[in-house]
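In what follows, a single structure is set out as C-alpha cells and then discussed.
The values are calculated or read from the model by the stated rules, or taken from the named source; none is laboratory data. These numbers come from a predicted model, not from an experiment. FYI the Cβ positions are ideal-geometry reconstructions off the backbone, even for glycines, and counts take in every protein chain you see. Keep in mind that these areas ignore ligands, DNA and RNA; they rest on the heavy atoms of the full protein, side chains included. Shrake-Rupley method; radii C 1.70, N 1.55, O 1.52, S 1.80 Å.
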Amino acid sequence: MASVSVSSHLNKGLRQHYLSLPQGDECQVTYIWIDGTGEGLRNKTRTLEREPQTIDDIPEWNFDGSSTYQAEGSNSDMYLIPVRMFRDPFTLDPNKLVLCEVLKYNRLPTETNLRSGCNKVMEQVKEHCLWFGMEQEYTLLGVDGHPFGWPTNGFPGPQGPYYCGVGADNAYGRDIVECHYKACLYSGVKICGTNAEVMPSQWEFQVGTCEGIEMGDHLWVARFILHRVCEDFGVVATLDPKPMKGNWNGAGCHTNVSTKEMRDAGGLQYIEKAIEKLGKRHAEHIRVYDPRGGQDNQRRLTGFHETSSINDFSAGVANRGASIRIPRQVGQEQRGYFEDRRPSANCDPYAVTGAIARTCLLEEGEEEEEQSK
Ligand code: ADP
Ligand code: MN
Ligand code: MN
Ligand code: MN
C-alpha cells in the first residue's frame with residue numbers, strides 16, 4: 001500500500017479541542033497565491049480585528065519572493081493583492097480564504113500572474129456573457145509518489161471497472177473526494193460535480209458555470225482546497241497529465257465554453273464559427289494549455305486513451321477522440337456549448353480561458369490593442 005504522511009497520524013481528536021475554542025471578534029484570513037512555478041500554491045495567515053464583509057475589507061499584504069521562485073534580484077518583497085474571498089472550510093466561520101494576485105516591487109504582475117492579462121481580455125468581451133466550466137482530473141499518490149492504493153510491486157487490474165465505479169476494489173480514496181466536495185460547497189467555490197476516472201485512484205471534479213475571470217479564481221481555490229484536504233489525509237494529489245506511462249489514461253482539464261449567442265436558439269452556428277477560429281490557432285493554444293509550452297501535453301495527447309493527437313486539430317459531435325467535442329445534446333438542440341479537450345490537468349485556467357476568449361471573440365485589431373496595453 002502507498003504510504004501516508006507522518007502528520008496525518010497526529011492526534012486529530014486533540015486538534016479538535018483547540019479548533020473549537022472561541023476566537024472573539026477576530027478573524028483568521030489565509031492569503032493564497034500562485035508561486036513562481038505557475039503550478040504551485042502558497043499560503044499564509046494573518047489576524048484581522050473583525051470579519052471582512054467584502055474583498056475590499058481585506059488589506060494588501062506581502063511575502064518573500066526569493067523563497068517562492070519569484071524574486072527579482074535584491075527586490076524580494078512581493079505584493080499580495082486580494083481578488084476573491086471564500087469561507088474557510090478548515091477553520092470555519094468567520095475565517096476566510098482569499099485568493100491574491102502577485103505584483104513585483106514595481107507593482108507590475110509577476111511572470112506567473114496570468115490573471116492580470118486574462119482579466120483585461122474578459123473585460124473586453126464582457127457583452128458576450130462568456131461562461132466556462134472546467135473538469136479537473138487528478139491522481140492520488142502516497143507520499144512515496146506511488147499511486148494511492150496500487151500494489152507496491154505490480155499493477156491493479158486493467159482499466160475498465162474504475163470509471164464511475166463503486167466498491168473497495170474499484171474506488172481508491174473516495175474519502176478525499178467527498179471531503180473536498182463538501183469543503184468546496186461550504187467555501188463558496190462553484191463545484192458542480194465529481195466522478196471516479198478511468199485509471200484507478202484518478203478522479204475528477206467539475207467547476208462551473210463561471211463567467212469570465214471567475215473561472216480561474218474558482219478553479220485555483222478548488223485546487224488549493226484539494227491539496228489541503230489531501231494533506232489532512234496524508235496523501236498527495238498530482239495534476240501531472242500522464243502520471244503513469246503505458247496503458248493508463250492521462251489527466252486533462254476539459255474546458256467547456258459558451259457565449260450568450262451560443263446558448264440562444266440556433267446558437268450552433270456561433271459554436272461552429274468559434275471552432276473554425278480555434279482550428280486556425282491550434283499550435284498557439286497548445287503552447288498555453290500546459291505550463292511547459294506543450295511539453296507536458298506531449299505525453300498525454302497521443303491520439304489514444306480518449307485524446308486527440310497533439311499535432312492535429314479536430315472537432316466532432318460526441319467525439320471524445322477530437323480536440324473539440326460538441327456534446328450530443330447540443331447537436332440535437334442546435335444550441336449550448338462546446339468542450340475543448342486539449343488543456344492539460346496542470347494548465348493555468350487563466351491562460352486557457354484567456355486564449356479561448358481572445359481567439360473566439362476578439363478581432364485582430366482589438367487584440368493588438370489589448371497586447372500593447
Ligand atoms: P463530460 O461529459 O465531458 O465528462 P462533465 O459533466 O464532466 O462533462 O462536465 C460538464 C461541464 O460543462 C461542467 O463543468 C459544466 O459546468 C460545464 N457546462 C455546462 N453547461 C455549460 C455552458 N452552457 N457553458 C459552459 N460550460 C457549461
Ligand atoms: Mn467530465
Ligand atoms: Mn474526465
Ligand atoms: Mn469532458
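Miscellaneous remarks
- Residues (more than 13 Å from ligand 4 (Cβ to nearest atom) and of a type in the set (Asp, Glu)) located in region 295-351: 296, 312, 333, 348
- In region 279-291, the residues that are in contact (Cβ under 8 Å) with a residue 12 or more places away in the chain form Cβ pairs under 7 Å with partners that are open to solvent by less than 30 Å² (accessible area, probe 1.4 Å) and polar (S, T, N, Q), at six or more places apart or across chains, as follows: 281/359; 286/297; 289/297; 289/344; 290/297; 290/344; 290/346; 291/346.
- Search result, residues across region 199-213 that are touching a helix residue (DSSP H, G or I) at 6+ places or on another chain (Cβ under 9 Å) and open to solvent by 20 Å² or more (accessible area, probe 1.4 Å): 209, 211, 213
- Residue check, residue 21 over 24 Å from the mean Cα position of the chain (by Cα), open to solvent by less than 60 Å² (accessible area, probe 1.4 Å) and not small (Gly, Ala, Ser): no
- Every test in (1) more than 11 Å from ligand 1 (Cβ to nearest atom); (2) open to solvent by less than 30 Å² (accessible area, probe 1.4 Å) is passed by residue 191 save one, and that test is (1).
- Counted as qualifying within region 131-243 are the strands (runs of 3 or more DSSP E) with 2 or more residues that are of a type in the set (Ser, Thr, Tyr) and within 16 Å of ligand 2 (Cβ to nearest atom), namely 131-141.
- Some residue of region 163-176 being open to solvent by less than 30 Å² (accessible area, probe 1.4 Å), within 20 Å of residue 306 (Cα to Cα) and aromatic (Phe, Trp, Tyr): no
- Counting only residues that are buried (at least 21 other Cβ atoms within 10 Å of the Cβ) and away from ligand 1 (no atom under 16 Å from the Cβ), region 214-227 holds 2 of them.
- Region 24-56 - residue that is open to solvent by less than 80 Å² (accessible area, probe 1.4 Å) and of a type in the set (D, E, K, R) and, of those, nearest to the chain's Cα centre (by Cα): 39
- Looking only at region 79-107, residues that are farther than 30 Å from residue 18 by Cα and either basic (Lys, Arg) or modelled with pLDDT under 95 (or both) come to 4 in all.
- For region 304-345, a tally of residues being part of a strand (DSSP E or B) and open to solvent by 20 Å² or more (accessible area, probe 1.4 Å) returns 4.
- Qualifying position, being farther than 18 Å from residue 362 by Cα and of a type in the set (Phe, Trp, Tyr), among 289, 270: 289
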